[in-house]
Amino acid sequence: MNKIKPDFLISFEKSGLTVTHSSMKKRSLGLVTSFTPEIFRCEYFTRIISGIIDALRNSDFDLRFIMVSEKEPPNPKTVLEDHSIEGLMFLTWTIHAEFLKATKQIQANIPIVLINDFTPDIQSHMVYCNNEEGTRKALQFLIGRGYRKIGMLQAPDSDSRDAQMRYKIYREMLTTAGLEFNPDYFRKCDYYFEEDGYLKMLDLIHHSPALPRAMFCFNDDIAIGVLRALREEKISCPEQVAIMGYDGLERGKYVVPALTTVRQPLELMGREMVKILIDTTEGNLKTPIHKEFHPDVVVRSSVA
């Protein structure tokens with residue numbers, strides 16, 4: 001009986017997790033992630049990681065996960081020495097600036113690629129989806145369908161430029177359309193998961209004098225939690241409250257009703273991070289590039 005060898009082997013070391021090709025490649029790229037549950041729990045992250053791993057299949061590199069604490073970021077010198085890597089990808093936001101600056105001070109020429117939370121003046125490669133465009137498309141879609149009482153479930157925004165931007169555009173577009181911002185229809189979640197959307201929507205249902213006709217949710221996970229809250233409270237979607245998600249997660253196809261959303265090409269973005277990093281290590285890219293992707297609205301049943 002022939003044994004099938006896996007393309008990649010996963011191992012845990014004291015200094016991190018390594019995804020190594022079965023051919024035992026000797027060159028390594030690092031993926032810096034926060035040591036928090038959402039990295040492997042949230043489809044947003046796993047789809048980006050899937051794209052990264054897929055892009056490495058036919059390369060000379062393996063992948064080393066570098067798990068760092070947001071509360072106590074490690075010394076970049078220790079990270080670089082422990083992992084013997086030729087380039088870094090960042091899949092986290094709250095430690096971008098601090099860790100990036102410190103890393104460049106230690107090893108000025110190491111190529112680095114960031115993803116999302118776009119900042120025009122950052123001196124590093126960046127792959128990002130134009131989420132300003134996506135937010136406008138989402139709200140234009142709801143307003144165009146005739147919704148006038150539009151609420152929002154926001155994510156934590158102290159460290160996320162994308163979250164700050166989405167709230168700003170939400171307020172701007174309501175004003176432009178001549179619609180009132182009603183604070184009764186707004187909640188800020190404590191985190192990014194289904195449970196957060198579920199609990200905040202229950203709070204809105206039980207404490208607001210009236211319900212909004214539509215809710216714009218920061219991401220699909222929150223939106224799926226909202227759908228559960230509506231179902232438990234016997235509130236029909238979209239007949240009474242329409243729900244708009246964001247990210248375009250696969251799970252959104254299979255909830256009831258199927259989730260209307262804004263889709264980011266997450267796997268493609270992950271593959272592009274690897275391409276940029278390898279091109280830089282091979283000397284084909286000399287200056288930082290900002291690679292932009294464009295989101296699109298996926299129309300399903302949660303919006304009438």
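The values are calculated or read from the model by the stated rules, or taken from the named source; none is laboratory data. Here the structure is a predicted model, which means the values were calculated and not measured. Backbone-built Cβ (ideal geometry, glycine too); neighbour counts: all protein chains shown.
Residue-by-condition table, conditions (1) touching a Leu at 6+ places or on another chain (Cβ under 7 Å); (2) surrounded by 18 or more Cβ atoms within 10 Å (Cβ to Cβ); (3) modelled with pLDDT of 65 or more:
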| site | (1), (2), (3) |
| --- | --- |
| Gly16 | no, yes, no |
| Thr33 | yes, yes, yes |
| Pro37 | no, no, no |
| Gln105 | no, no, yes |
| Pro120 | no, no, yes |
| Ser124 | yes, yes, yes |
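Considering segment 133-159, and only residues there that are under 14 Å from the mean Cα position of the chain (by Cα) and surrounded by fewer than 18 Cβ atoms within 10 Å (Cβ to Cβ), the residue that is farthest from Pro212 (Cα to Cα) turns out to be Asp159.
Regarding segment 154-167, can at least one residue be identified that is modelled with pLDDT of 95 or more and part of a loop (DSSP other than H, G, I, E, B)? Checked against the condition, which is being modelled with pLDDT of 95 or more and part of a loop (DSSP other than H, G, I, E, B), segment 154-167 yields no hits at all. Kindly evaluate Glu282 against the criterion of being modelled with pLDDT of 95 or more and either buried (at least 20 other Cβ atoms within 10 Å of the Cβ) or not basic (Lys, Arg) (or both). No. Taking the criterion of being of a type outside the set (A, V, I, L, M) and touching a helix residue (DSSP H, G or I) at 6+ places or on another chain (Cβ under 6 Å), the residues of segment 197-211 that qualify are Gly197, Tyr198, Ser208.
Looking at Phe216, Phe293, just one residue is of a type in the set (Phe, Trp, Tyr) and more than 15 Å from Met152 (Cβ to Cβ), and that residue is Phe293. Of the residues Leu285, Leu277, the single one that is in a loop (DSSP other than H, G, I, E, B), of a type outside the set (Lys, Arg) and touching a His at 6+ places or on another chain (Cβ under 9 Å) is Leu285. The residue of segment 54-67 that is modelled with the lowest pLDDT, among those that are more than 23 Å from Gly252 (Cβ to Cβ) and surrounded by fewer than 20 Cβ atoms within 10 Å (Cβ to Cβ), is Met67. When Thr280 is tested against (1) β-branched (Val, Ile, Thr); (2) out of contact with any Pro (no Cβ under 7 Å at 6 or more places or on another chain); (3) closer than 25 Å to Met89 by Cβ, exactly one condition is not met: (2). Scanning for something aromatic (Phe, Trp, Tyr) and either in contact with a Gly (Cβ under 6 Å, 6 or more places away or on another chain) or at pLDDT below 95 (or both), does segment 110-118 turn up at least one residue? Yes: segment 110-118 contains one or more residues that are aromatic (Phe, Trp, Tyr) and either in contact with a Gly (Cβ under 6 Å, 6 or more places away or on another chain) or at pLDDT below 95 (or both). Within the set Ala229, Ala177, Ala242, the sole residue that is under 18 Å from Ser301 (Cβ atoms), out of contact with any strand residue (DSSP E or B) (no Cβ under 6 Å at 6 or more places or on another chain), at pLDDT 95 or above and small (Gly, Ala, Ser) turns out to be Ala229. Residues that are assigned to a helix (DSSP H, G or I) and among the hydrophobic types (A, V, I, L, M, F, W, C) within segment 200-235 comprise Met201, Leu202, Leu204, Ile205, Ile222, Ala223, Ile224, Val226, Leu227, Ala229, Leu230, listed in sequence order.
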